[in-house]
Amino acid sequence: MCLCPLCFIEDMHKYGDPYWHRSHQLAGTLVCDTHNIMLLSECPVCGEVLATSTEKIPKVPSLFCSSGHSLECVIPNHNKILLTIACENRLLLDEKVNLDVIEIEEKMKGILLYKEHISNKHTSRNIKVNRKFQAKFSEEYVNRIEDSIQSLKVNSIWKKQSIHPIFYVLYMIYFSGSITNFVHEDKYLPWKNMKSWPCPNKVCPNYKQLVVQLVDSKMISGDIYGYFMCPTCGYAYSECDGDNLGTLDIISKGHLWEAKFKELLYREDISFDDMKEILGTTFYWIEKELKKYEDLGLELLLEKLYSKEILENIKTDAHINKK
């Protein structure tokens, strides 16, 4: 366990007894966030451990080790990042700060996917981020954390394993400078710089106009899915690709498209080829929509599939074959 010599003295003056500060025991915290001096976990003279965290009731701290050496050893901290870590780490103890681990992971993965352009598959890019991360917090500090707690490699975020809070704290500082900044930033989405998108529905009065809105986004299996909809026609789709945006997965063609489909379906002068062109769709979607119209007769379907000239030839051939 760790103590700050200056906090110890202040506690004696204020309360008559010292106590172990919770903020000094947080993993990754090496300095006192109040006095910006190095924390002590052992006697600077003989190396005796002050107390272990495994003790059920740690002994009350003393300013002397069992050999009588003074622990009033004030070592100023000149590393700004160590003070930042201590201050940010302390926020974990603040009941007013509500941190959602799932949301934090989603944001981190969004940043990695769409800002750093890496996923668990990109080994070389992961290594590059790990080097930048190590350079920010110093190799000595990172090694110390990894030796005592867990790996701080960025690809740990993709693995299905428990992650220590210090991992999240350090990467929030790395990405945004502080926990507060990270929490209040919007999710890093590939679409965040656009407010609307062109409607791809050919029968919509706002076809190709910037009316489509992002209505939701979710993290699924390490990928971010955006869900979009046109408020005019109801055309809805999702978009997701960790590396190559642009692939649309149609969820619904919308009420205007479905109404137009029904209108064209019962027009004798319109074939399926015509419908495909007018609706701006494929035969796959025509076939899918036809399943809603089980009452259609074979004759109507044939009329849609073939021109009148071809149908006459089919009937003529059928009549000849009967003879």
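Within region 52-60, is there a residue that is under 10 Å from C2 (Cβ atoms) and surrounded by 19 or more Cβ atoms within 10 Å (Cβ to Cβ)? Scanning region 52-60, I find no residue that is under 10 Å from C2 (Cβ atoms) and surrounded by 19 or more Cβ atoms within 10 Å (Cβ to Cβ), so the answer is no. Determine whether T123 is among the polar types (S, T, N, Q) and either at pLDDT below 80 or touching a Leu at 6+ places or on another chain (Cβ under 7 Å) (or both). So T123 fits the description; yes.
Contact map, region 140-157: first residue closer than 18 Å to L26 by Cα and in the same structural domain as K128 (by TED's automatic domain parsing), second residue among the aliphatic types (A, V, I, L, M) and in a helix (DSSP H, G or I), Cβ cut-off under 7 Å, separation 6 or more or different chains; pairs are I145/I166; I149/I166; L152/V142; L152/I145; L152/L170.
Rundown of residues vs (1) closer than 30 Å to Y174 by Cβ; (2) touching a strand residue (DSSP E or B) at 6+ places or on another chain (Cβ under 8 Å); (3) assigned by TED's automatic domain parsing to the domain that holds V169, yes/no style:
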{"position": "M1", "(1), (2), (3)": "yes, no, no"}
{"position": "V31", "(1), (2), (3)": "yes, yes, no"}
{"position": "L39", "(1), (2), (3)": "yes, yes, no"}
{"position": "V49", "(1), (2), (3)": "no, yes, no"}
{"position": "P76", "(1), (2), (3)": "yes, yes, no"}
{"position": "A86", "(1), (2), (3)": "yes, yes, no"}
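Quick check on L63: is it surrounded by fewer than 17 Cβ atoms within 10 Å (Cβ to Cβ), at pLDDT below 85 and in contact with a helix residue (DSSP H, G or I) (Cβ under 9 Å, 6 or more places away or on another chain)? Criteria met by L63.
Here is a check on your reading of the model: is E95 acidic (D, E), under 25 Å from C7 (Cα atoms), surrounded by fewer than 17 Cβ atoms within 10 Å (Cβ to Cβ) and at pLDDT below 90? When the stated conditions are applied, E95 passes them.
The values are calculated or read from the model by the stated rules, or taken from the named source; none is laboratory data. These figures come from a predicted structure and were not determined experimentally. Neighbour counts are summed over all protein chains in view; Cβ atoms, including those assigned to glycine, are modelled from backbone coordinates with ideal geometry.
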